[in-house]
1. Tell me yes or no: at least one residue of the range 57-73 is more than 18 Å from the chain's Cα centre (by Cα), closer than 30 Å to Arg216 by Cα, small (Gly, Ala, Ser) and surrounded by fewer than 16 Cβ atoms within 10 Å (Cβ to Cβ).
2. May I ask you to list the residues in the range 63-80 that are in a loop (DSSP other than H, G, I, E, B) and out of contact with any Gly (no Cβ under 8 Å at 6 or more places or on another chain)?
3. Do we find that Glu134 is buried (at least 16 other Cβ atoms within 10 Å of the Cβ), of a type in the set (D, E, K, R) and at pLDDT below 95 in this structure?
4. Condition test on Glu220, is it under 30 Å from Arg96 (Cβ atoms), surrounded by 15 or more Cβ atoms within 10 Å (Cβ to Cβ), of a type in the set (Asp, Glu) and touching a residue at least 40 places away in the same chain (Cβ under 8 Å)?
5. Give the residues of the range 171-203 that are under 21 Å from the mean Cα position of the chain (by Cα) and either surrounded by fewer than 20 Cβ atoms within 10 Å (Cβ to Cβ) or not assigned by TED's automatic domain parsing to the domain that holds Leu239 (or both), sorted by residue number.
6. Within the range 81-95, can you find the residues that are farther than 17 Å from Val39 by Cα and either in the same structural domain as Ala226 (by TED's automatic domain parsing) or part of a strand (DSSP E or B) (or both)?
7. Here are some residues: Leu104, Leu145, Leu140, Leu127. Which one is in contact with a strand residue (DSSP E or B) (Cβ under 8 Å, 6 or more places away or on another chain) and either surrounded by 19 or more Cβ atoms within 10 Å (Cβ to Cβ) or free of Cβ contacts under 8 Å to residues at least 40 places away in the same chain (or both)?
8. Just checking, how many residues over the range 82-99 are without any contact (Cβ under 8 Å) to a residue 12 or more places away in the chain and of a type outside the set (Lys, Arg)?
Amino acid sequence: MSYQPVGRGTAAVETMTFDRLRALNDGGTQRANFYVLAVVDTGYGSVMVDFVLHPLRGRSAVWVAPGAVHRWEDIVGVAGHVVLFVPTAPVTHGTRELVASPDLVAVWTIPDADWPFVDAARNHLLLEASASREGASKELPEILLSALVARLRPSHGEARPTNAVFQLFRSSVEVHFREHHDAGYYARALGYAPRTLSRAVQQVAGRTAKAYIVDRIVLEAKRLLAHDRFPAARCASELGFPDASNFSVFFQKATGMRPGAWQATVTVE
């Protein structure tokens, strides 16, 4: 399956029905460089996001960030719409900050009290997105996307409040985890004592700074193994390990399985 490119000579916001999604879906994984947002009206199904299977039901929403691996597992009876948009599409400060959050939940149920507003915001966006390209406003779909995101109110996976030290650490890890695997590097780069950094990460993420880094590397390794079908040697090169053997030992210690064995458990068409 492959979505149409978004934001490359086309609108920054694209929409499709689940009927269209089913026509495109070949059962394989997808890893896009844009956001995938879905609003389910009726029906039951499931979607896998970063190797966690989530059930879908009526009045639920799906959120897939750029870079995440996902697969629509069972959407035969699902009705609703999918919105694809580039990271710069939301126009308000609040919605841009929200979509940039790395810990938003993948699937949630839209509260009954919110549904009429979500439905109205979604339908207005669909109306504008379906307008003729000639003479159509480029800003309106982005404004209406912002309204839809604000009404959906995606929630954070971390229930505990974050702090400035953790935010800086998380952002730095996202940029540098391929080259730097040790917590000491991040403490030095951010100008904090290792104990201060460790305490901040433990408070917010519930694990040590080292464990947080390991989890991020493992997630990327799984993405490369499952979606890109990279062998261990290529994963090692991509993730800053000296060789395939070193990477394989790291991956097995973290997951309990060798990379090739784990890759074999993931069905990819």
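The values are calculated or read from the model by the stated rules, or taken from the named source; none is laboratory data. Because the structure is predicted, anything quoted here is derived from the model rather than measured. Reconstructed Cβ throughout: ideal geometry from the backbone, glycine too, with neighbour counts over all protein chains shown.
1. No: the range 57-73 contains no residue that is more than 18 Å from the chain's Cα centre (by Cα), closer than 30 Å to Arg216 by Cα, small (Gly, Ala, Ser) and surrounded by fewer than 16 Cβ atoms within 10 Å (Cβ to Cβ).
2. Across the range 63-80, the qualifying residues are Ala65, Pro66, Gly67, Ala68, Val69.
3. No, not satisfied.
4. When the stated conditions are applied, Glu220 passes them.
5. Answer for the range 171-203, where residues must be under 21 Å from the mean Cα position of the chain (by Cα) and either surrounded by fewer than 20 Cβ atoms within 10 Å (Cβ to Cβ) or not assigned by TED's automatic domain parsing to the domain that holds Leu239 (or both): Ser171, Ser172, Glu174, Val175, His176, Arg178.
6. Once the filter is applied, which keeps residues that are farther than 17 Å from Val39 by Cα and either in the same structural domain as Ala226 (by TED's automatic domain parsing) or part of a strand (DSSP E or B) (or both), the range 81-95 yields nothing.
7. Leu145
8. Residues that pass the stated criteria total 2.
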